[in-house]
Amino acid sequence: MPSSVHVGSLAAAAFIAAAALCMATDRSEAGAQTAPPPAASPTDAPHEAAEAPSAGQILCPDQSGPVALGSAQWNGWGRGVENTRYQPEPAIRATDVARLALKWAFGYPGANTVSGQPTVVDGRVFVAGAGQVYSLDAKSGCTYWRYDIDAHALSAIVIAEFGAPRAIAKPKKSKRGQVNAHLEVLKPPSAAFVGDDKGSVYALDAERGTLLWKTQLDSQPTARILGAPAVYQNRLYVAVGSSEPDAARDPGYPCCTFRGSVAALDIATGHILWKTYLVSEEPRPIASVKGQQQLGPAGIAVAGAPTLDTARGLVYVATADSFNPALQPLADAVVALNLTDGTMRWSKQLPPPASEPGPAAFLSSPILRTLTTGRQVLLAGQRSGMVYGLDPERSGEVLWQIKGPENKTSGGIESGMAADHHSVYAAISGLDADASNPTGSLVAIDIKSGSKRWQTPAPPAACSWSSPSVCAHGEAQAVTVIPGVAFSGSLDGHLRAYSTIDGKVLWDYDTAKDFASVNRVKASGGSLDRGGATIVNGVVYVNSGSERGRPGNVLLAFSVDGK
């Protein structure tokens, strides 16, 4: 059983104070707004300011205003806490996708990999580059602010409000007795939350880019936050991953001591409310290999964002392998924890069938999807290429399972699937199962029955860069779906749009080339990996450049005819 560490909560007092300050805020006739002071940091972090203008920054001509949540947005990893990666109102028709053209490009200074994912809220794009977090204008790509964090951020950013919007004036009647329907609304203060490659979580003022708090969630040297945080009812849910398998390649490294975990933090203060370890015991000496002491049990990293089931009061995570020694009970599993206190409610370990062997780890988030019948299915994609439909009402009972790749071919599911009301779309990368397999494909599976609707191989286009190795077409980037169209990015640098009806490629754009950037930074694209495209108000945003394949440092925005 996992162990839960409960830390005294200041959530109620801190949130009430922040909300009270928000509600007490008044505006002068000139429209100036006084924001509440930032919450105190649990690590006594100073109230640091965003960086001043520097090379690579073209500041927006107008000042950044308060950031408020709304319906036209893509917030966090999956757009919502269920992590469906489905945008129901994209403001792009399927028939217009073929006309998508570049609108603007933004270059990340000093970066050669940008595998994170853009977050789009209230006309702002929040992204992370090489140790920097940016707030950009969604229409033009100009910079509102930049904040330097201590390490790379590989996850998406999530925005949350400290309070609720407030109407500051009642509707007035005209001389004819008609009521003016327009209400002037005072937006509450909000924060941008992001995790870094050293196990820390940051809260930044979403309007100004100043540091509100920073919490070291895990001090183990290889701990890292790979999955985006999730927000619900003034709590931030964060899962912890690890790079310890890479460190263990060094013969002198004493493997292993990392223990995967999930934690809930108070959004106002950053204090840890609970933390549940997925390896129940602390590591201890277990063996000596070639004179080097080995430690265990260890492992069970979580690479994906937590998925929240608010109706059942659960947080779901999909876990990776044990490091040492044998398979742990919660490794290679979907695990359900209580939202309130982190206690484990159930777990479902999912070894691939003997007839379909392959890596058993899960690297992406589960998806909670509601069918048109009202029934819910929990979807999980595995490195083995297996896709599972689980029953959240019956402790993860397997409803169906199917291998994504075609028979007798290998390939795995890496960064994440997407699901509309009928199908789940899984991107397959051959390299994940076999280093010599450069193929990739996109597969659509019926959520109700688990049957395969179609599978389209990635077109074997030649990579636009010279490379001594074979051009890989593995679809390693997370899938994004809108009505009628699924977007999937490939390691060959191509972002493609597929018809959800039959898998036909509707649009294909090679991002692996040089771009003129709006911030005058030398910008080039490369392989598409990890964080997928996000779509808001008729614009498709995607990062291009990965350490696997072709490096790059560019954020691209596409719209119909580039307008």
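The values are calculated or read from the model by the stated rules, or taken from the named source; none is laboratory data. A quick note: this is a predicted structure, and the numbers were derived from the prediction, not measured. Don't worry about glycine lacking a Cβ; one is built from the backbone with ideal geometry, like all the others, and counts go over all protein chains shown.
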key: In region 98-127, the residues that are modelled with pLDDT of 95 or more, buried (at least 24 other Cβ atoms within 10 Å of the Cβ) and part of a loop (DSSP other than H, G, I, E, B)   = Tyr108, Gln117, Pro118
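Here's the yes/no breakdown for (1) among the hydrophobic types (A, V, I, L, M, F, W, C); (2) within 14 Å of Leu556 (Cα to Cα):
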position	(1), (2)
Ala111	yes, no
Thr119	no, yes
Gly123	no, no
Val127	yes, yes
Val133	yes, no
Cys142	yes, yes
Arg146	no, no
Ala153	yes, no
key: Any hit, region 368-378, residues being at pLDDT 95 or above, in a loop (DSSP other than H, G, I, E, B) and buried (at least 21 other Cβ atoms within 10 Å of the Cβ)   = no
message = Please verify whether Trp454 is among the hydrophobic types (A, V, I, L, M, F, W, C) and farther than 25 Å from Ala156 by Cβ, treating the condition exactly as stated.
response = yes
inquiry  = Can you list the strands (runs of 3 or more DSSP E) lying wholly within region 289-352 that have 1 or more residues being at pLDDT 95 or above, among the charged types (D, E, K, R) and surrounded by 24 or more Cβ atoms within 10 Å (Cβ to Cβ)?
reply    = none
message = Quick check on my filter: what residues within region 227-256 are surrounded by 22 or more Cβ atoms within 10 Å (Cβ to Cβ) and within 30 Å of Gln294 (Cα to Cα)?
response = Gly227, Val238, Ala239, Val240, Gly241, Ser242, Glu244, Cys255, Cys256
key: Enumerated strands (runs of 3 or more DSSP E) restricted to region 204-248, each holding at least 3 residues that are of a type in the set (Asp, Glu)   = none
task = Answer with yes or no whether Val505 is surrounded by fewer than 24 Cβ atoms within 10 Å (Cβ to Cβ) and among the β-branched types (Val, Ile, Thr).
result = yes
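Go through region 88-104 and count every residue that is within 21 Å of the chain's Cα centre (by Cα) and in contact (Cβ under 8 Å) with a residue 60 or more places away in the chain.
Adding up the residues that qualify gives 2.
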ask   = What residue, among those in region 387-409 that are modelled with pLDDT under 95 and crowded, with 23+ Cβ neighbours inside 10 Å, is nearest to Asp309 (Cα to Cα)?
value = Gly404
key: Which listed residue, of Ala320, Ala336, Ala354, Ala326, is among the hydrophobic types (A, V, I, L, M, F, W, C), more than 15 Å from Gly396 (Cβ to Cβ) and under 21 Å from the mean Cα position of the chain (by Cα)   = Ala320
remark   = Counted residues in region 508-538 being of a type in the set (A, V, I, L, M), over 22 Å from Ser415 (Cβ atoms) and buried (at least 17 other Cβ atoms within 10 Å of the Cβ) come to 3
task = Any residue in region 296-320 that's touching a residue at least 40 places away in the same chain (Cβ under 8 Å) and closer than 23 Å to Arg375 by Cβ: show its pairings with residues that are in a loop (DSSP other than H, G, I, E, B) and among the aromatic types (Phe, Trp, Tyr) at Cβ separation under 7 Å, as long as the two are six or more apart or on different chains.
result = Ala318/Phe362
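It is to be established whether one or more residues within region 128-145 are among the hydroxyl-bearing types (Ser, Thr, Tyr), under 12 Å from the mean Cα position of the chain (by Cα) and buried (at least 24 other Cβ atoms within 10 Å of the Cβ).
Taking every residue of region 128-145 in turn, none turns out to be among the hydroxyl-bearing types (Ser, Thr, Tyr), under 12 Å from the mean Cα position of the chain (by Cα) and buried (at least 24 other Cβ atoms within 10 Å of the Cβ).
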request  = Report the residue count in region 528-549 for those that are out of contact with any Asp or Glu (no Cβ under 7 Å at 6 or more places or on another chain) and either among the basic types (Lys, Arg) or not in a strand (DSSP E or B) (or both).
outcome  = 11
Condition met for Pro457 (modelled with pLDDT of 90 or more and within 17 Å of Gln477 (Cβ to Cβ)) = yes
inquiry  = Going residue by residue through region 342-364, is there one that turns out to be over 22 Å from Val262 (Cα atoms) and polar (S, T, N, Q)?
reply    = yes
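Table: residues versus (1) modelled with pLDDT under 95; (2) among the hydrophobic types (A, V, I, L, M, F, W, C); (3) over 27 Å from Ile58 (Cα atoms).
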position	(1), (2), (3)
Ser488	no, no, yes
Tyr498	no, no, yes
Lys504	no, no, yes
Asp508	no, no, yes
Thr511	no, no, no
Ser517	no, no, no
Ser524	no, no, no
Leu528	no, yes, no
note = Of those in region 277-288 that are part of a loop (DSSP other than H, G, I, E, B) and in contact (Cβ under 8 Å) with a residue 60 or more places away in the chain, the residue surrounded by the most Cβ atoms within 10 Å (Cβ to Cβ) is Leu278
